[in-house]
Amino acid sequence: VPFLDDFSSSSLNQFWSTQVVGSGPSVQQANGALEMDLPASTTVDPGRGYAQPAVFSQCNLRGDFDMRADYTLLQWPQPDSVNADFTEGNFVGGAWQSANGIFVNRWDLASNFPPLPSTFIPDPPSSGTLRLTRTGSTLSASYLAAGGWVTVQTRDDLAADESDATLDVFDNAAAGTNGDVRVAFDNFEVTNGTFSCPSWWDDNAPDWQVR
C-alpha cells in the first residue's frame, strides 16, 4: 500500500471475492464502478433471514490502517430495511470476532461497532466517501463533509490482529416491501496499512493501482 481500486476494468479484480445471499441480488463491475442491485422482487435467504450482494477482500490488513470508499445511491426508494455498508471484519488469534463498519440507510449515516450501540448522523447525502481507520486498539468510522472528515463513532478496545474489507448492500425485508435498489461503490483506497495475503492467492490480472 497505498492501494486504489477504481473498478474501471471489464471484470472485478481477484483482490475481491463475491458473495450473494438471497434470490435476486447481483454484483457487477460496470460504468466505472462496482454496482450492487437489489430488485424489488428480492427474497431473503430463509436460513439467514436477509439478502445481500457483497464483495470482501481476499487479503487482510494487519495492524494500523486507513481505508476509504466512495458510494452513490443510484436508485434508492428510501427503504427502511436496506443499508449500504463499508465494514471491516475482525479476527483474534485466527478466530472471527466481529464486523465493524459505517453504513447509509433511509434516514441516517451510521456506524455500528459491536457490542457498542450504533451512532447515527441524520440525513445522509446521496453520494459521499466513507472511512475506517485503526491506530493501535482504536477504530474510527467517519465520512467526508464540506469541512473535512466527521467522526461518527470510535471504539478503543479493538483486539483483532487483522481485518478484511467488505462492501455490501443489506436487506432483511420481505419481497415486494421495497422498490428496486441500486448502489455504486467506487475508489476503494487504502492510504496506510500492511496487507497479508493467503499463500494460494495470486492476482494475475490486476486493475488496481499503487498510489
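Strands (runs of 3 or more DSSP E) wholly in segment 77-125 with at least 2 residues that are in contact (Cβ under 8 Å) with a residue 12 or more places away in the chain and under 18 Å from Asp168 (Cα atoms) - which ones?
Details: elements: 82-92, 95-104, 108-112, 119-122.
Output list reads 82-92, 95-104, 108-112.
Yes/no matrix, rows are residues, columns are (1) under 18 Å from the mean Cα position of the chain (by Cα); (2) open to solvent by less than 40 Å² (accessible area, probe 1.4 Å):
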residue: Ile102; (1), (2): yes, yes
residue: Asn112; (1), (2): yes, no
residue: Thr133; (1), (2): yes, yes
residue: Ser142; (1), (2): yes, yes
residue: Thr154; (1), (2): yes, no
residue: Thr194; (1), (2): no, no
Completion exercise
Picking from Thr42, Thr72, Thr18, the residue that is touching a strand residue (DSSP E or B) at 6+ places or on another chain (Cβ under 9 Å), modelled with pLDDT of 90 or more and surrounded by fewer than 17 Cβ atoms within 10 Å (Cβ to Cβ) would be Thr18
Handout entry: Odd one out for Asn13 among (1) open to solvent by 50 Å² or more (accessible area, probe 1.4 Å); (2) part of a loop (DSSP other than H, G, I, E, B)
Key = (1)
Fill in the blank from the handout: Among Ala159, Ala184, Ala146, the single one that is within 30 Å of Ala30 (Cα to Cα), of a type in the set (A, V, I, L, M) and at pLDDT below 95 is Ala146
Problem - Positions within segment 16-67 being assigned to a strand (DSSP E or B), free of Cβ contacts under 8 Å to residues at least 40 places away in the same chain and under 19 Å from Gly176 (Cβ atoms), in sequence order - result: Val21, Ser23, Ser26
Practice task
Return only the number of the condition from (1) modelled with pLDDT under 90; (2) of a type outside the set (D, E, K, R); (3) surrounded by 21 or more Cβ atoms within 10 Å (Cβ to Cβ) that Gln78 does not satisfy.
Solution key: (3)
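Matching residues to (1) surrounded by fewer than 20 Cβ atoms within 10 Å (Cβ to Cβ); (2) of a type in the set (Val, Ile, Thr):
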site	(1), (2)
Trp107	yes, no
Thr119	yes, yes
Ala146	yes, no
Asp164	yes, no
Asp171	no, no
Val181	no, yes
Cys197	yes, no
Practice task
Look at Asp66 and say whether it is touching an Asp or Glu at 6+ places or on another chain (Cβ under 8 Å) and open to solvent by 10 Å² or more (accessible area, probe 1.4 Å).
Solution key: no
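The values are calculated or read from the model by the stated rules, or taken from the named source; none is laboratory data. Treat the numbers as computed from the prediction; the structure is a model and nothing was measured. Please note: Cβ atoms are built from the backbone with ideal geometry, for glycine as well, and neighbour counts cover all protein chains shown. When the accessible area is computed, the model is the full protein with side chains, heavy atoms only, and any ligands, DNA or RNA have been set aside. Shrake-Rupley method; radii C 1.70, N 1.55, O 1.52, S 1.80 Å.
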